[in-house]
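Accompanying notes for the structure given below.
The values are calculated or read from the model by the stated rules, or taken from the named source; none is laboratory data. Remember, it's a predicted structure, so these values are computed and weren't measured experimentally. As a convention, Cβ positions derive from the backbone with ideal geometry for all residues, glycine included, and neighbour counts pool all protein chains shown. Surface accessibility is based on the protein's heavy atoms, side chains included, excluding ligands, DNA and RNA. Shrake-Rupley method; radii C 1.70, N 1.55, O 1.52, S 1.80 Å.
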Amino acid sequence: MPPIRALIIDDDPELCNLIQLQLERAKINVVGMRHDGAHALDAVVELSPSMLLLDISMPKMDGLQALRAVKSRYPSVSVIILTAHKRQELLARAIAQGAAAYLVKTEIDLDTLPRMLETLSAGGEAIVEPTLLRDAFRMIDPSIVGPESERLELLGNLTDQERRILELMGEGHTNDEIANHLYVSYNTIKSHVQNIFKKLGVSDRTQAALFALRSGMVRNEA
């Protein structure tokens, strides 16, 4: 697994420093910090992070605008929203626009953050609950989704086994659960998951699961 390169964008310098300290204690490379959303895209171009930790409420450009700009140009960058706002609407919009996770600052234990980033990088368990993915799906602007023909073409690149794994991911199953369900090893599933990411052009498990929902592979219950 390639080393994680983390970029932190938040208008609270003290919080940025605390996050940097926690990540670097876990041997995660923090390539830089910025304090407003307007510099997000330029920082991604300059520093080539694999993961972006992004606040929502910032001067000059809010985090959702920055998220949209980054994911449109660099879809392989995993974006983790770190925010003070515990609002389902914002969560759904962030996931629909490409976020890998949505973490509320007052609820997150910074000690666990390095492990979350490592899990995301390895394609392990999703941080976002399946019900929240479905909320995001219901709020998706059709212009974000892309044409159905494009989704069908990408799905056509998957093997039958990869399609089944993607469906199970969309239902919220972990790699362990999928391995048990399909009677194969954990490492086999892990390898398939990484191949699915590459073939679909997504950066993380959350976006792969959302792709499954968008493509009608998983029933979107009300």
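In the range 115-161, the qualifying residues are those that are part of a helix (DSSP H, G or I), more than 21 Å from residue 172 (Cβ to Cβ) and among the polar types (S, T, N, Q), and the one that is modelled with the lowest pLDDT is 143. Mind listing just one residue for me: the one in the range 39-64 that is of a type in the set (Gly, Ala, Ser) and surrounded by fewer than 16 Cβ atoms within 10 Å (Cβ to Cβ) and, of those, nearest to the chain's Cα centre (by Cα)? If we take residues in the range 39-64 being of a type in the set (Gly, Ala, Ser) and surrounded by fewer than 16 Cβ atoms within 10 Å (Cβ to Cβ), then 48 is nearest to the chain's Cα centre (by Cα).
Out of all the residues in the range 175-212, which are in a loop (DSSP other than H, G, I, E, B) and either open to solvent by less than 30 Å² (accessible area, probe 1.4 Å) or closer than 19 Å to residue 2 by Cα (or both)? It would help to see each step written out before you state the result.
Filtering the range 175-212 down to residues in a loop (DSSP other than H, G, I, E, B) leaves 183-185, 201-204.
Correct list: 201, 202, 203, 204.
Inspection of the range 80-91 finds a residue satisfying the criterion of being assigned to a helix (DSSP H, G or I), in contact (Cβ under 8 Å) with a residue 40 or more places away in the chain and open to solvent by 70 Å² or more (accessible area, probe 1.4 Å).
Only residues that are hydrophobic (A, V, I, L, M, F, W, C), open to solvent by 20 Å² or more (accessible area, probe 1.4 Å), in contact (Cβ under 8 Å) with a residue 60 or more places away in the chain and in a loop (DSSP other than H, G, I, E, B) were counted across the range 92-114, and they come to 0. Of all the residues in the range 1-18, those that are more than 13 Å from residue 80 (Cα to Cα), outside any loop (DSSP other than H, G, I, E, B) and hydrophobic (A, V, I, L, M, F, W, C) number 3.
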